[in-house]
1. For Ala402, state whether it is at pLDDT 90 or above, more than 37 Å from the chain's Cα centre (by Cα), of a type outside the set (D, E, K, R) and outside any strand (DSSP E or B).
2. Looking at the range 126-145, is at least one residue of a type in the set (S, T, N, Q), buried (at least 18 other Cβ atoms within 10 Å of the Cβ), assigned by TED's automatic domain parsing to the domain that holds Gln60 and closer than 29 Å to Lys550 by Cα?
3. Quick check: anything in the range 225-238 under 28 Å from Trp271 (Cα atoms) and among the small types (Gly, Ala, Ser)?
4. Only one residue in Leu218, Leu185, Leu189, Leu234 is outside any loop (DSSP other than H, G, I, E, B) and closer than 23 Å to Asp282 by Cα, so which one is that?
5. Any residue that is surrounded by 14 or more Cβ atoms within 10 Å (Cβ to Cβ) and more than 30 Å from Val313 (Cα to Cα) - is there at least one of those in the range 42-57?
6. Examine the range 295-318 for a residue that is outside any helix (DSSP H, G or I) and under 19 Å from Gly207 (Cβ atoms), and state whether such a residue exists.
7. Go through the range 264-298 and give me each residue that's surrounded by 15 or more Cβ atoms within 10 Å (Cβ to Cβ) and β-branched (Val, Ile, Thr).
8. Among Gly473, Gly502, Gly520, which is modelled with pLDDT under 80, touching a strand residue (DSSP E or B) at 6+ places or on another chain (Cβ under 6 Å) and small (Gly, Ala, Ser)?
Amino acid sequence: MPRLAKAERIKRVSETQIRAVKYNSERSVTPINNRWLDTQFGAFAKEKVYVVQTSLKVIQRCILMTTDPGDLVIDPTCGSGTTAYVAEQWGRRWITIDTSRVALALARARIMGARYPYYLLADSSEGQLKESKITRTTPSKSKTFNNISQGFVYERVPHITLKSIANNTEIDVIWENFQEKLEPLREKLNKALKKKWEEWEIPREPGDPWPEKAVKLLQKIQSADTEKKKLAGLKNLNTELKRKYTLDDIPEKPFDMWTDKTAIDLHAKWWKQRIARQKEIDASIAAKADFEYLYDKPYEDKKKVRVAGPFTVESLSPHRVMGVDENDELIDPKKAVQSNTGNGDDFAQMILENLKTAGVQQAHKEDKIDFSSLTPWPGRFICAEGRYRKGDSETGDEKRAAVFIGPEFGTVSRPDLVTAAREAGDADFDTLITCAFNYDAHSSEFDKLGRIPILKARMNADLHMADDLKNTGKGNLFVIFGEPDIDIFDAEKDQIKVKINGVDVFHPNTGEVRSDGAEGIACWFIDTDYNEESFFVRHAYFLGANDPYKALKTTLKAEINQDAWETLKSDTSRSFDKPKSGRIAVKVINHLGDEVMKVFRIEPKKRQMRSRK
């Protein structure tokens, strides 16, 4: 019971009764039932960007109820990307799907342009410090790995009972520590005012409280509507208090302010320590009590701005809808068309039709291959023969190009290019043009076999949607992005740097290779320890035109440190250690969105041998 009294958790309400003291802040959370009326779109809610857009709070609540950080969330009906947006915010991995390219474009723009709060990870040094502060324990010294699957540091609701307070011995320690400061101040205050106040008798305001009758008289004076009534009330008040107040100096509050400045200062110091003691005790009570985590309220680091992690947008050919005939047999509409017209559903044929119309675009619009003819070729890898003129489109020498088309769903590898180039050489072609959606890393290093130059054209993803794509010849459906010109040189402390000089582009009209400067590059990235399986962005640099710094500030709706940005807008990388794998990869993206990756072998850093004593 004395411990409860020290914690201000019992109050005397009569001569024979005491009651427990509880606070609203300790009972501020209520369970959520199965009626989520707080998730509805209101009249002043955020404007929808999609017709069937769901409220963020609905998706958030579902994800928080059923998943943990690091789990995978899948939404087969993407829409405006609300599920992906919420999953990204709360540290969940996600996959979202839609049949509409409009929906995917909206979702992509929404996720890329969003800012997210940075929550403190439980498996981090900052999270360990925050956890120790909340629980009032010694910080953990275990090694941290910033693993998001360990969760965040969450706010919690204490279940405070009189039993938990009575068993909290830390309250006695806090009490004794503060008594060493409070008691000398109380003795000095009593001496200055010639009082014998105990701790509970010291008034909250620096003055002597008035009796109840005097308080009522003051209220009547303040509410009187005539001066005569105020003077009458003032006379009764002076009689009650044995004072000589006038209407000008009568106090606004029902107590007399002390005139002793020393006493006023002592009183303020005493109450400052008194309040600090109560806060310390309350914090101890909350830390030692049982509690529940609030999984929708992790602690946030306000000093950090987080944006979306890397993600990809992939497209597949439209699904086929199977009909039913009069005998309840499935009908494949594609086969029906083939049997009636004789034209098969041939991916290569579709690509050749678009290739003949659109041509092959290079980095500059004037450097374009326009075919005068494009006919099938009975080869194993070569599927067509294309003819174009070198130099002038009317009088230039005619050249023959072998056309190789990669798989509809897959990646072209270097061995495929080698075999196709040999076949093109045996058939006496002048050039090999390959068309594919994706090339592996090693194929980017292969640009010529003997006398046969190899032009690697990347096909636009819209060609996956060939049935819905009108063949107008407009747009860059087949684009050749040339070889990047890259230098690697040594830096201090056995480190290295990468410098990008530009992009080498083969020009078929003139038969020469030109080098464009770094101004033709929008951005470039470095994987400083490439594992030959996946490209991991460890360095990012931006050389784009039209002030990308301003565009970044607009997108993030925040100020970006100018000095930090200058380190990113560069054609020369920062220094980094030599890779343990012996390889680095550099990926370059131009202003059309086309990319090429080049892999370099680097002698790995030698390990230093240490002798044991």
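The values are calculated or read from the model by the stated rules, or taken from the named source; none is laboratory data. For clarity, every value in this text was computed on a predicted model and none was experimentally measured. Note that each Cβ is placed from the backbone with ideal geometry, even for glycine, and that neighbours are counted across all protein chains shown.
1. No; evaluated as a whole, the condition is false for this residue.
2. For the range 126-145, residues of a type in the set (S, T, N, Q), buried (at least 18 other Cβ atoms within 10 Å of the Cβ), assigned by TED's automatic domain parsing to the domain that holds Gln60 and closer than 29 Å to Lys550 by Cα: absent.
3. Our first condition is that a residue be under 28 Å from Trp271 (Cα atoms); within the range 225-238, this holds for none.
No, because not a single residue in the range 225-238 is under 28 Å from Trp271 (Cα atoms) and among the small types (Gly, Ala, Ser).
4. Values: Leu218 fails: closer than 23 Å to Asp282 by Cα; Leu189 fails: closer than 23 Å to Asp282 by Cα; Leu234 fails: closer than 23 Å to Asp282 by Cα.
Of the residues listed, the single one that is outside any loop (DSSP other than H, G, I, E, B) and closer than 23 Å to Asp282 by Cα is Leu185.
5. no
6. no
7. The answer is Ile264, Ile281, Ile285.
8. Gly520
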